[in-house]
Every structure is written in C-alpha cells, then in structure tokens.
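The values are calculated or read from the model by the stated rules, or taken from the named source; none is laboratory data. Bear in mind that the values here come from a model prediction, so they are computed numbers and not experimental data. Glycine also receives a Cβ, built like all others from the backbone with ideal geometry; neighbour counts cover every protein chain displayed.
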C-alpha cells in the first residue's frame, strides 16, 4: 500500500487556554490573509475575523462581568474552535506535502513519530529612531517562528499590545512624540511550545 506523504495538521489548539487561543487565532488571521495557497476557506476570512474579534471582546467582558459574561465567553470560545476545526480540515484536505506550505497557514503540524517539544529561542529586539518622527521595532529572526507578538510602552507607562506580525523589520510604533522615551519587547509565536520567552525590554528616545 502506498504511504501518504501529506503533512498532517495538529488540532492541539482545541486544548489551549483562553489566552493561548486568542493569540493563536490572531496569528492565523495574519497568516491566512491574502494567502494564495488557501483560496476557498470554508469559513470566509471576514467571518473568521469577526469570530476572533468577538472572542477577544468576550474575554475582556468576562474579566469584569459575571455569570452571563462567562456564558457568552464560553459560546464565543466554542464558535471559534468550531471555525478553526473547519479551517484546519479544509487545509488538511488539500493533501499538501510541503511543510512550509502548511505552516504558512499558521497551524502547527504533527511530525512523524514523536512530536517533541521544541522551545523557541528568545528574540532580540532593537528600536530604530533614525528617521525623525518615526520609531520602528526590529526583531532578529528566530528559527521555527511564524510571527512575533510585540508590546511597547511610553516612558514609564504600562505595556501596550502593538499586535502580532509575520515580519521582523520596520514594525512601526504609532503616534510617537519627539523627546519621549519608548520601550518595546517581543516574543516569538509558533513551534511546539507556541511562545518563546519575552525578549529583554529596550528603550530609546524618539527623535
């Protein structure tokens, strides 16, 4: 009997914590947007985006609310998991044999035999203030990382989520003010353990 050589997709996301699922779903949005390998998604991109946004809003409400908000979060969680299972099933049905093609979707894969946990290396971050009025985050590429979660802070203020990015260079911090200090850090997303440790925080003055 001929052995199938297609790449198998992991459904481990169904066991993620709520916070892990949120980051994973945002990563999928980044990876699937305008991805020509997957033109016929069973859940349209706009609908998936709506589910992810609804889930994020439900998470925020549940932290402040009561039983009703928790019930709404559970419903949003179930709806998002169902959509991700549909999407994973579609990509699996394509019978892709190139690992890189499947990983470009944002989903993890099942390796033949044992699937060892492979921690991601911690990224190294720098801030570029060489252009007046602009401050960008640059990240040293980390093997097996699909995207990077970036946070920044203004002066001694709290960390603010900037987003999840597939690129490592020219990630712009918005609305910077010359003369103010800005800090940033990043973590890799992807691989068997899903997240790397956060990088060291770097700080520069906006010019």
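Given the options 163, 179, 133, name the one that is out of contact with any strand residue (DSSP E or B) (no Cβ under 6 Å at 6 or more places or on another chain) and assigned to a strand (DSSP E or B). One residue alone meets the criteria, 163.
Each residue in region 99-110 was checked for being buried (at least 20 other Cβ atoms within 10 Å of the Cβ) and out of contact with any strand residue (DSSP E or B) (no Cβ under 6 Å at 6 or more places or on another chain), and 3 of them qualify. Scanning region 17-28 for residues being surrounded by fewer than 17 Cβ atoms within 10 Å (Cβ to Cβ) and modelled with pLDDT of 85 or more gives a total of 2. Restricting 55, 90 to residues that are touching a residue at least 40 places away in the same chain (Cβ under 8 Å) and assigned to a helix (DSSP H, G or I) narrows the list to 90. Quick check on residue 168: is it on the phi < 0 side of the Ramachandran plot, without any contact (Cβ under 8 Å) to a residue 60 or more places away in the chain, crowded, with 16+ Cβ neighbours inside 10 Å and not in a strand (DSSP E or B)? Spelling it out, residue 168 is indeed on the phi < 0 side of the Ramachandran plot, without any contact (Cβ under 8 Å) to a residue 60 or more places away in the chain, crowded, with 16+ Cβ neighbours inside 10 Å and not in a strand (DSSP E or B). Criterion applied to 159, 169 was being more than 13 Å from the chain's Cα centre (by Cα) and either in the same structural domain as residue 99 (by TED's automatic domain parsing) or within 30 Å of residue 109 (Cα to Cα) (or both), and the one residue passing it is 169.
Does residue 72 meet the test of being at pLDDT 90 or above, under 22 Å from residue 46 (Cα atoms) and in contact with a helix residue (DSSP H, G or I) (Cβ under 8 Å, 6 or more places away or on another chain)? So residue 72 passes the test. I'd like to know if region 7-15 contains one or more residues that are surrounded by 15 or more Cβ atoms within 10 Å (Cβ to Cβ), over 23 Å from residue 99 (Cα atoms), outside the structural domain of residue 145 (by TED's automatic domain parsing) and touching a residue at least 24 places away in the same chain (Cβ under 8 Å). So far as region 7-15 goes, no, none of its residues is surrounded by 15 or more Cβ atoms within 10 Å (Cβ to Cβ), over 23 Å from residue 99 (Cα atoms), outside the structural domain of residue 145 (by TED's automatic domain parsing) and touching a residue at least 24 places away in the same chain (Cβ under 8 Å). Considering (1) outside any helix (DSSP H, G or I); (2) loosely packed, with under 15 Cβ neighbours inside 10 Å; (3) at pLDDT 90 or above, the lone condition that residue 96 does not fulfil carries the number (2).
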